[in-house]
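Shown next, in structure tokens, is the structure this report addresses.
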Amino acid sequence: MKKEILALQALMEKKGCDAYLVETADFHQSEYVGDYFKARAYLSGFTGSAGTLLVTKQEAFLWTDGRYFVQAEKQLENSGIELMRMGQPGVPTVIEKLAMLFTGPFCLGADGRTLSYHQAQSMQRALPMMTMALAEDLVDEIWPDRPALSCQEAFDYDLAYCGESREKKLDRIRTEMRQVGAESHLVTSLDDIAWILNIRGHDVACNPVVLSYLLIEMDLATLYVQTAAMPDQLKTELAKAGVTCRDYFALMEDLVLLDAKSLLFDPQKVNAALLEKVNPSVRRIEGNNPSTLFKAIKNEVEIARTKEAHLMDSVAVTKFMYWLKNTIRQRPITELEASDHLEKLRAAIPGFIDLSFTTIAAYQANAAMMHYSAKPENQATMQAEGMLLVDSGGQYLSGTTDITRTFVLGDITAEQRHHFTLALKSLLRLQNAHFLYGCTGLNLDILARGPLWDEDLDY
């Protein structure tokens, strides 16, 4: 067993925890997290972007999805941690595994700040014999060189890019609050906060957000943020909209003192530890953050800026294609050299902030590895033959891009050509679809998979 797991098990014994759960999440249920929050990777050695680690006093298990089966198998080798391949026949869920391991009362520890309220409630209902200890960040006690919490400077997001003032957005949200009878509204999702207050930051790689919480009341709003991240000018601009700034960690104590009669929150996004602090006398109203639906409908400025971002980004990708096709005729190119060159082209675009995710440059067989990530020690070297898959994007002041392209570098097999054509047919069928109001992506999935299924293939 890895020494990190052994250290955690020893601490669990002292704390009276029969099992300990480590999610891939920050305090805001973000899809991508900063280095401070990569506790699961530290303990297990598995570095994929999704996974759940469960440690008991004798064993350890890691769940991840099909994108990472091969990677997890390699990284967990000789670790003593059992890989649980999610969705595969005979593989239990975390809750089912806990029910199998413990037939009587037991205590499950976790950092409740990394569990959503919905998740914690669901586990408690499914396992009534379980006691949850959600104030136990045990990993912090055994991680001696844990990276610091990110505290990058936030900045004002100009109306020229967003097209709607923070004052108007707050007014719209308060109108929704009145309709559901909420006197207060807690927002913890970083993208929602960035949109509502027209602020941006650099606290999460590839995501221009600021580590923060937002409490909206009818006559005021409070942004809980690290003091060093807030320039004086930005605080002044927020104050004009009735938004005051408090320390990031002060929210816990303020929720204890909250005197509103009702609180609106999204149970999928607000963490369980925060809700434990709210006075039971406060009526809890569960629902989507109004801002989540508001920001899904783009105004004219956002639409124009998004088109601008894609045009500029397309120029970078076209330049990359020209460089790739010409250079590969002269010499081999590594996957990392290709991704670095594309990033350099994007970085030259005015308003570039960051990549929108880590570039996937995957040559030949590596392209079959979902969410493949080249490393200096294991990357492929491209020749003037075969295919290169590049999945990449950029974050710009004007918008976010995500583009996937397959480049033919030379001779390819008849099978590759045939499968590429099937994928193209699938894309065209979905692109040209006519559908009724209320259809979802799942309803349309057959259009994209049909040409593959017709030949007993799938992706």
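Under 5 Å between amide hydrogens, which residues at least 5 positions from L258 or on another chain qualify, with H placed 1.01 Å from N in the peptide plane?
N279
Rolling a 1.4 angstrom probe over the protein chains, ignoring ligands and nucleic acids, what is the accessible area of M86 in square angstrom, nearest 10?
Rounded to the nearest 10, the figure is 90 Å².
Can you give me the distance in nm between label points at R405 and K240, each placed 7 Å from the Cα along the Cα-to-Cβ direction?
4.1
Under 17 Å Cα-Cα from K2, which lysines qualify once same-chain neighbours fewer than 8 residues away are excluded?
Within the straight-line cut-off, K2 pairs with K38, K57, K74.
Under 5 Å between amide H atoms, partner at least 5 residues away or on a different chain: which partners does M84 have, H built in plane at 1.01 Å?
L62, W63, T64
Skipping prolines and chain starts, which residues have an amide H placed within reach, meaning under 5 Å, of the one on C107, given they are 5 or more residues away or on another chain?
HN-HN under 5 Å from C107: D18, A19, T131.
What is the antiparallel percent of DSSP beta bridges lying wholly in the chain, to the nearest 5?
Taking every DSSP beta bridge within the chain, about 65 percent pair in antiparallel fashion.
For the chain, report the % of Cα-Cα distances exceeding 27 Å.
63
What percentages make up the Cα-Cα pair-distance distribution of segment 1-104 when the bins are 5 Å wide from 0?
Spelled out per bin, shortest first, that is 2, 12, 24, 23, 22, 12, 3, 0.
Sort 389-395, 45-51 by the packing proxy (mean of other Cβ within 10 Å over each peptide's residues), most packed first.
In decreasing order of mean packing, 389-395, 45-51 become 389-395, 45-51.
Residue separation times 0.36 nm, minus the C-alpha to C-alpha distance between D232 and T440: what's the value?
70.4 nm
Just grab the label-to-label distance for E337 and V301, each label 7 Å out from Cα along the Cβ direction, in nm (one decimal).
4.5
Can you tell me the order of 149-158, 99-108 when each peptide is scored by its average per-residue count of other Cβ atoms within 10 angstrom, highest first?
149-158, 99-108
If you count the DSSP beta bridges with both ends in segment 5-139, what percent of them are antiparallel, to the nearest 5?
Of the beta bridges lying entirely in segment 5-139, close to 45 percent run antiparallel.
Run lengths n ≥ 4 of DSSP H only: what is the helix-derived mean residue ellipticity at 222 nm for the chain, with -39500 (n - 2.57) per run over all residues, to the nearest 500?
Only helices count here, giving -11000 deg cm²/dmol.
For K344, list the aspartates and glutamates whose Cα falls under 20 Å from its own Cα; do not include residues on the same chain fewer than 8 positions away.
Those aspartates and glutamates meeting the cut-off are E308, D313, E335, D354, D391, D402.
The values are calculated or read from the model by the stated rules, or taken from the named source; none is laboratory data. Small disclaimer: the values here were computed from a predicted structure and weren't measured. A quick note on method: Cβ atoms are made from the backbone with ideal geometry, for glycine too, and the neighbour counts reach across all protein chains shown. Surface areas here come from the heavy atoms of the whole protein model, side chains and all, with no ligands, DNA or RNA. Shrake-Rupley method; radii C 1.70, N 1.55, O 1.52, S 1.80 Å.
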